[in-house]
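First comes the structure, then the notes that go with it.
The values are calculated or read from the model by the stated rules, or taken from the named source; none is laboratory data. Remember, predicted model here, so these are calculated numbers, not experimental data. Quick reminder, even Gly has a Cβ in these numbers, built from the backbone with ideal geometry, and neighbours come from all protein chains shown.
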Amino acid sequence: MQYNKLGKAGIRISEISLGSWITFSKQIDLNEAKTLMHAAYDHGVNFFDNAETYAHGEAETMMGKVLQEFQREKLVISTKIFWGGEGPNDTGLSRKHLIEGTKNSLRRLQLDYVDLLFCHRPDPSTPIEETVLAMDYLVRGGYAFYWGTSEWSADQIEAAFKTAEHLNCIKPTMEQPKYNLFFRDHLEKDYLKLFEKYGLGTTIWSPLASGILSGKYNQGIPSDSRLAKEAWLVPDNLMQLVEKTKKLSVLAHDLDCTLSQLAIAWCLHNPNVSSVITGATKMDQLLENLGAIAVKSKLTPDVMKKIDTMMR
Ligand SMILES: NC(=O)c1ccc[n+]([C@@H]2O[C@H](COP(=O)([O-])OP(=O)(O)OC[C@H]3O[C@@H](n4cnc5c(N)ncnc54)[C@H](OP(=O)(O)O)[C@@H]3O)[C@@H](O)[C@H]2O)c1
């Protein structure tokens, strides 16, 4: 396992990490979460991702119980604030919700601090100055070591940097964008200036496009799969994505790896990706996905070109 710097920050995070969206407390129970987190850690994963909204806080509660079995300093834990409940002050990036939401997350995670704290979405209804000052307060107050954004546009992220500079506040360190073989533009085009100018790090999500890139949907939707259980996640163009996945499977076969490993290795290949957050409901998925590390070296310029052609 390689440990990457998070952009220009000093902290080092495992190139593959494990997230809890839809899985923790919805698809897997506490014992399964324990087994998966321990196996991931034993394979070198040090970064575990969460959010206040996952399973309405239950994902944090579950992860918090497992975290008691680890030495805190060995881990990098993140959470994300934006959707904390139904009330008028339970959502968004106001000073009130950011600070209360973070304290509630820490209570559920049974932690004094998270390493990485994300603003889960942009909030155009809150002045950026208020959000930046609240994140500055949280970092200076020891509730988090680094703060960042998730699914913000390049302009919104740049505004956060400029505001922080102007107010003498702590600047964001990282963004958490979706990135996979089907969804590339944010990371490969929009954010390029931010990597160069500010040394932004990234912890990317849905490397398998919710499992589509594993090939599991090539013959329909299996009843025990995410898309069967969470129908709202079925993309309108599923058949088109499946056709592209089928083309990739020939290449995976030639490279002597699985489709999931090829798709994750392709994400790891991008030097602006600090960590690829994977999700897993089963141990064999986790172990297979961790095998992507060994596939990285097979992604020669020629192979990368072939992949680009297949994805067009
Ligand atoms: N910042 C954000 O807005 C945001 C949004 C979404 C996610 N995230 C973070 O990113 C993490 C990863 O995202 P994701 O869960 O969408 O990742 P993903 O890797 O695209 O999808 C994970 C799902 O695909 C299936 N799968 C995984 N490996 C497989 C394999 N080898 N073979 C077959 N099926 C496999 C499993 O679902 P089934 O077994 O149920 O089919 C698994 O739960 C999340 O847990 C969360 O922490 C962040």
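Worth a mention:
- Only one of Leu194, Leu200 that is in contact with a helix residue (DSSP H, G or I) (Cβ under 7 Å, 6 or more places away or on another chain), in contact (Cβ under 8 Å) with a residue 60 or more places away in the chain, away from the ligand (no atom under 13 Å from the Cβ) and under 26 Å from Thr79 (Cβ atoms): Leu200
- Condition check for Val45: assigned to a loop (DSSP other than H, G, I, E, B) and of a type in the set (Val, Ile, Thr): yes
- Of the residues contained in the range 89-108, one or more are found to be aliphatic (A, V, I, L, M), farther than 30 Å from Leu286 by Cβ and assigned to a loop (DSSP other than H, G, I, E, B).
- Yes/no for Tyr217 being more than 23 Å from Gly92 (Cβ to Cβ), over 18 Å from the mean Cα position of the chain (by Cα) and surrounded by 13 or more Cβ atoms within 10 Å (Cβ to Cβ): yes
- Identity of the residue in the range 207-256, in contact (Cβ under 8 Å) with a residue 60 or more places away in the chain and outside any helix (DSSP H, G or I), that ends up farthest from the ligand (Cβ to nearest atom): Glu230
- Residues within the range 151-172 that are touching a strand residue (DSSP E or B) at 6+ places or on another chain (Cβ under 8 Å) and either within 15 Å of the ligand (Cβ to nearest atom) or in a helix (DSSP H, G or I) (or both), tallied: 6
- Screening Ser17 on (1) in contact with a strand residue (DSSP E or B) (Cβ under 8 Å, 6 or more places away or on another chain); (2) in a loop (DSSP other than H, G, I, E, B) shows it passes everything except condition (2).
- When we screen Gly148, Gly142 for residues that are within 30 Å of Gln261 (Cβ to Cβ), of a type in the set (Gly, Ala, Ser) and either at pLDDT 95 or above or part of a loop (DSSP other than H, G, I, E, B) (or both), the only hit is Gly148.
- Every condition in (1) touching an Asp or Glu at 6+ places or on another chain (Cβ under 7 Å); (2) in contact (Cβ under 8 Å) with a residue 40 or more places away in the chain is met by Thr163 except one, and the failing one is (2).
- Unmet requirement for Ser78, which otherwise passes all of (1) hydroxyl-bearing (Ser, Thr, Tyr); (2) more than 21 Å from the chain's Cα centre (by Cα); (3) buried (at least 24 other Cβ atoms within 10 Å of the Cβ): (2)
- Flag if Ala9 is part of a loop (DSSP other than H, G, I, E, B), at negative phi and within 12 Å of the ligand (Cβ to nearest atom): no
- Here the condition is being buried (at least 22 other Cβ atoms within 10 Å of the Cβ) and under 25 Å from Ile11 (Cα atoms); of Leu111, Leu98, it holds for Leu98 alone.
- Being within 17 Å of Gln27 (Cα to Cα) and not acidic (Asp, Glu) is a description that does not apply to Ser214.
- For Asp284, the requirement of being near the ligand (Cβ under 8 Å from one of its atoms) and either farther than 28 Å from Phe195 by Cβ or in contact (Cβ under 8 Å) with a residue 12 or more places away in the chain (or both) is met.
- Any hit, the range 86-101, residues being touching a helix residue (DSSP H, G or I) at 6+ places or on another chain (Cβ under 7 Å) and under 24 Å from Ser17 (Cα atoms): no
- If the condition is being acidic (Asp, Glu) and either farther than 23 Å from Pro177 by Cβ or away from the ligand (no atom under 16 Å from the Cβ) (or both), then the range 90-149 contributes Asp90, Glu100, Asp112, Glu129, Glu130, Asp136.
- Evaluation of Thr281 against (1) surrounded by 15 or more Cβ atoms within 10 Å (Cβ to Cβ); (2) outside any loop (DSSP other than H, G, I, E, B) (one fails), failing number: (2)
Here's the yes/no breakdown for (1) in contact with an Asp or Glu (Cβ under 7 Å, 6 or more places away or on another chain); (2) away from the ligand (no atom under 15 Å from the Cβ); (3) within 19 Å of Pro207 (Cα to Cα):
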| position | (1), (2), (3) |
| --- | --- |
| Thr23 | no, no, yes |
| Glu32 | no, no, no |
| Met37 | no, no, yes |
| Asp42 | no, yes, no |
| Met63 | no, no, no |
| Val66 | no, no, no |
| Glu69 | no, yes, no |
| Leu75 | no, no, no |
